[in-house]
Amino acid sequence: MAKKSAQVQSVRDIFRVTPGTFEIAGLDPAATPVGPKSKAGAAADMAEVGAELDELQEALYAEGSGGGRRRVLLVLQGLDTSGKGGTIRHVAGQVNPQGLHIASFKKPTRAELRHDFLWRIRRQVPEPGRIGVFDRSHYEDVLVGRVDELVPAAEWRRRYRLINEFEAELAASGVTIAKCFLHISPEKQKERLVARLRNPAKQWKYNPHDIDVRAKFSQYLLAYQDALVKCSTPDAPWYAIPADRKWYRNWAVARVLLETLRDVAPVYPAPSYDPLVELARLQEDDPLR
């Protein structure tokens, strides 16, 4: 078994969104309140975190293969350039892709719009034994839907309750949920957009519409404030992760996932055969001998 990474204060406790006290305006997107204080320190710890993540994911996958119903869902939300894709690459990339289910939610298609807003989400819930990762999610429907006035206010307000009911239903079916809001500053967002435009290898990531969305930065923060507070529950807690420093963002999300998997504590299933009998058969009756 891999050496366990150095013990640090619970990252989930530090970044958990607590309704009644949480204020997005008071968060520093460049903060490093717990854990490593440098890119090198984060890289060193990530090596150990990754090894333990890999072990736990393998046990979860084996448990699911043996008939277990448990799975984990990591939801990533954030404004443009906050690093959802980069987080997936650096965090989910630590484990065997065979045990992953990654879903990215873009603008709904015409077919998807013919259904309720949770229909396309339900279709991407990970199977037992898997770690699911959502790049954006059902929260787009209380964020974009609100800021761009795509639905009446009464409708997006109703959706908070529907989301909480949906996530409670998932939890009851064996899905352990961890939701991370990647909090980026407007200054860092501009810096990253400029970098995309100046780098031919990154220009494909840019969309002229990004400037229009950026103009609504403060409106989106207000929408996130409500979404995080109204939908951070014991069944599906939100964690507000500083995202100005990529190395810290990746480390913090990896730690959230690691702590979540430790709580799940997946167990390898007992074999349906007697290993000692099979070993004896292989030694005595090996057909290739």
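Leaving ligands, DNA and RNA out of it, report the carbon-plus-sulfur percent of the accessible area of region 5-85 at a 1.4 Å probe. Don't skip to the end; give the middle numbers.
On the way: 1870 of 3510 Å².
The value for region 5-85 is 53 percent carbon and sulfur by accessible area.
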So for the pair R114, D148, with labels modelled 7 Å out along Cα→Cβ, what separation do we get in nm? 2.1 nm
Within straight cross-link reach of K39, meaning Cα distance under 14 Å, which aspartates and glutamates are found once same-chain residues fewer than 8 apart are removed? D244
Among S38, G20, L73, the residue whose Cα sits farthest towards the positive end of the charge dipole of region 1-118, when +1 is placed on the Cβ of each Lys and Arg and -1 on the Cβ of each Asp and Glu, is L73
Which translational diffusion coefficient, to the nearest whole µm²/s, is obtained for region 88-138 from the Stokes-Einstein equation, given a Kirkwood hydrodynamic radius over C-alpha pairs, 4 °C and 1.567 mPa s? 108 µm²/s
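Compute the accessible area per residue over the chain, keeping the other protein chains in place, probe 1.4 Å, unit Å².
Numbers: 14920 Å² over 289 residues.
Accessible surface, normalised per residue, equals 52 Å².
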So for region 218-289, taking the charge dipole from beta-carbon charges (+1 Lys/Arg, -1 Asp/Glu), which of L288, T260, Y220 sits furthest toward the positive end? Y220
tail above 31 Å in the computed P(r) of the chain, as % of all Cα-Cα pairs, reads 32 percent
Only helices counted: for the chain, with every DSSP H run of 4 or more residues adding -39500 (n - 2.57) and the sum spread over all residues, [θ] at 222 nm is -15000 deg cm²/dmol
Calculate how steeply helix 275-285 sits against the longest principal axis of the alpha-carbon atoms of the chain, using the helix alpha-carbon long axis, and give the answer as 0 to 90 degrees to the nearest 10. 50 degrees
Within the chain, what percent of beta bridges assigned by DSSP are antiparallel, to the nearest 5? 5 percent
Using only the alpha-carbon atoms, how far is helix 39-65 inclined from the longest principal axis of the chain? Give it as 0 to 90 degrees, nearest 10. 60 degrees
Checking rank on 98-107, 275-284, with mean other Cβ inside 10 Å and highest first, the result is 98-107, 275-284
Projected-area average for region 118-236 over all orientations - Cα convex hull basis, square nanometres: 8.8 nm²
All-pairs Cα distance distribution in region 1-105, expressed in whole percent, bin size 5 Å: 2, 9, 15, 20, 21, 17, 10, 5, 1, 0
Top mean-square fluctuation among I131, I184, I24, Gaussian network model of the chain, C-alpha springs under 10 Å? I24
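Using only alpha carbon pairs under 8 Å that are at least six residues apart, calculate the relative contact order of region 32-187 and give it in whole percent. Walk me through the numbers before you get to the answer.
On the way: 188 pairs, mean separation 54.8, N = 156.
It rounds to 35 percent for region 32-187.
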If DNA, RNA and ligands are ignored and the probe is 1.4 Å, what is the ranking of I241, I211 by accessible area, most exposed first? I211, I241
Give the total of Lys-Lys pairs in region 159-289 with Cα-Cα distances below 22 Å; include a pair only if its members are 8 or more places apart or on different chains. 14
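With an 8 Å cut-off on Cα pairs and a minimum separation of 6 or more residues, tell me the relative contact order of region 16-115 in percent. List each step's numbers first, then the result.
Values: 27 pairs, mean separation 26.2, N = 100.
After rounding, I find 26 percent.
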Considering the chain as a Gaussian network with a 10 Å cut-off on Cα pairs, which listed residue, A270, A195, A44, attains the greatest mean-square fluctuation? A270
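Averaging sequence separations of C-alpha pairs under 8 Å and six or more residues apart, then dividing by the length of region 83-136, give the relative contact order as a whole percent. Display every interim value, and only then the final one.
Details: 37 pairs, mean separation 28.9, N = 54.
Averaging sequence separation for qualifying contacts and normalising by length gives 54 percent for region 83-136.
The values are calculated or read from the model by the stated rules, or taken from the named source; none is laboratory data. Bear in mind that the values here come from a model prediction, so they are computed numbers and not experimental data. So basically every Cβ, Gly included, is an ideal-geometry build from the backbone, and we count neighbours across all protein chains shown. The area values use the complete protein model at the heavy-atom level, side chains included, leaving out ligands, DNA and RNA. Shrake-Rupley method; radii C 1.70, N 1.55, O 1.52, S 1.80 Å.
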